[in-house]
1. Identify all lysines with a Cα-Cα distance to LYS52 below 22 Å; exclude those on the same chain that are fewer than 8 residues away in sequence.
2. Please get the size of the charge dipole for segment 338-401, origin at its Cα centre, with Cβ charges of +1 on Lys and Arg and -1 on Asp and Glu, quoted in debye to the nearest 20.
3. Once phi is turned into ³J(HN,Hα) by the Karplus curve 6.51 cos²θ - 1.76 cosθ + 1.60 with θ = phi - 60°, what whole-Hz value does each residue of segment 346-358 show in order, with x for glycine and proline?
4. What whole number of Å gives the distance from the Cα centroid of segment 364-427 to the Cα centroid of segment 89-127?
5. Expressed as a fraction of 2.2 N^0.38 Å, the rule-of-thumb size for a compact globular protein of N residues, what is the C-alpha radius of gyration of the chain?
6. Top to bottom by accessible area (1.4 Å), largest first, where do THR534, THR143, THR396, THR238 land?
7. Show log10 I(q)/I(0) for segment 98-198 at q = 0.23 Å⁻¹, two decimals, from a solvent-free Debye sum over equal Cα scatterers.
8. Within the set LYS212/LYS303; LYS195/LYS547; LYS423/LYS547; LYS303/LYS384; LYS78/LYS195, which residue pairs have Cα atoms separated by over 30 Å?
Amino acid sequence: MKVDLYNYIKAAQKMNRRQMLKGTAAVGAVAMMPKAAAYADGHGNVRAEILKIPGVGAGSPTDSDWQKVGEMCLGATKENVAEGELAGVELTFMGLNNQNLHNFLFRGFLKPWEAYTGAKINWIDLAQADYNARLQQSIATGTVDFDIIEMGAPFEGDVLGRGMASEMPDWVRDQIDMDDYVDYLKAPVGTWDGKTYRVSIDGDTHTFAYRKDYYESEELAQAWADAGNTTPWAQPTTWEEVNAQSKFLVGKTDPLTGLDAHGYLDPLKGWGGFGFYFLENRAAPYAKHPDDPAWLFDPDTMKPRVNNPAFVQAIQDVMDLIAADAYPADQINADPGTTAFQQFLAGTGGMLNWWGDVGSSARTSDTSVVGDVVGFDINPGSAKVWNSQTGAWEETPNVSPNNAYIGWGIYVMATVDSDEKKKKAAWSAAAHLGGKDLSLWASAYPSGFQPYRQSHFNYDEWEEAGYDRAFVEDYLSSNADSYNHPNAAIEPRIPGIFQYYSVAEDELAKGYAGQYGSAQETADAIAAAWEKITDQIGRDNQIALYKASLGL
């Protein structure tokens, strides 16, 4: 969706979120009707059939399901690779093994690909917390021991900027239909110096998940009013409301489980740099001014903004909930994987920020008990925003969804370029994993990924798969509205970004544990560490790349 269309719709206030998405989908459908009709004739049946495996409500998919889906989606591969053409090729794939997702699915998806092409894949499995260190070690030592990598766009400065990746062949671009990506995943994402290197398999943005049964509880509503609150007991839309409700829920009873109620679930333990995104969720509405594309650093100097009043407010919000004993026991040891899969989906807590795929997991994972009572929205906003240009707070509402990580992609390393057969095998495997039909299945079932193509926002396909319409509209709208928001917080593709994030996690952990005297002192420690990283990498180069990433 174009920003001017989004602004027009919002300003006119003629549509709600769901109606807005329906309208733009309808406009797109009319504009592309001949192409869409032709696509449906050739692929519609495959899409419908794979969404029946294993079926929404039938429990978590298994390896046999992943293999079935992979085999049914081989049509595009067969148009570019003859059977047995890649026999004798061995490839090494490095990716994640989180929550039995990512690489576990890739193995199943690629097993029929291996059988058809004759190629063989060996696997390097990494925990999320170990990912950055393992990749940086390979970069620093020049010992790339993998041919294909599952990697996020934030690392493109480290990898593509060093010429370590193979440029995408034109046949791959055609096979995966890159024009179908949501706009924010199109160039310059996945490109460097005008060349394309990435097959997207994900479109990360954080969204807000909340328990509707908390807000349908007459008991909690009455207690809220009895506590002197004059606002309705309803889903919060600002971080100020999130904290107030989280403090209120201390000592209350969860309406689903009968156990202790909890409000918002902050992850207080680091996660290899990925945990910093969760502080960003809180900080972005305070820090990302609509008139300023920058929010992490000053674009002219690379001076960190992480210790300005906006970020200090976000850190203070977390410290206030720690002091109020609002979190589950031992939250200091809860990383983001814990908050999503062991807490929220399992029935602990009423509010969560996470990547959008927590929505599909709510309905299709054996571990979820909240599928019938969960709702979705874009991230909460704030009642004020810090203006870094004037150095003052503006007492005006602000919203800034956190498009955290810009999605996982598949990248082929330049080490295969000297062997045409191996190069074709590596890119064929990448194209299979990023295929249009397979990606729909991965968006609808637990995979570690979320909707990232325009074609993923067809409500009818999801409804036919077994999702109820209201849930699908709510879930998909939260993703689409975040991607398309005119004031979205998008991170820079600059070298060392996860070095910044990792050290920030280390200092935040100290602050949350009480080792620093205040939120400001914690933020100052992060800023000082960030300055050192910038000087080590090279300030002038970082300034140039940061400005480029902001479109300045």
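1. List returned: LYS68, LYS111, LYS436.
2. Approximately 60 debye in magnitude.
3. Using θ = phi - 60°, the values come out as 8, x, 9, x, x, 8, 8, 9, 7, 5, x, 5, 4 Hz.
4. 24 Å
5. Cα Rg divided by the expected 2.2 N^0.38 Å: 0.95.
6. The ordering from most to least exposed comes out as THR143, THR396, THR238, THR534.
7. Per q value, in the given order, log10 I(q)/I(0) is -1.43.
8. Table pairs above 30 Å Cα-Cα are LYS212/LYS303; LYS423/LYS547.
The values are calculated or read from the model by the stated rules, or taken from the named source; none is laboratory data. Bear in mind the structure is a predicted one, so any value in this text is a computation, not a measurement. Here the Cβ is made from the backbone with ideal geometry for all residues, glycine too, and neighbour counts use every protein chain on show. Accessible surface is based on the protein model in full, side chains and every heavy atom, while ligands, DNA and RNA are left aside. Shrake-Rupley method; radii C 1.70, N 1.55, O 1.52, S 1.80 Å.
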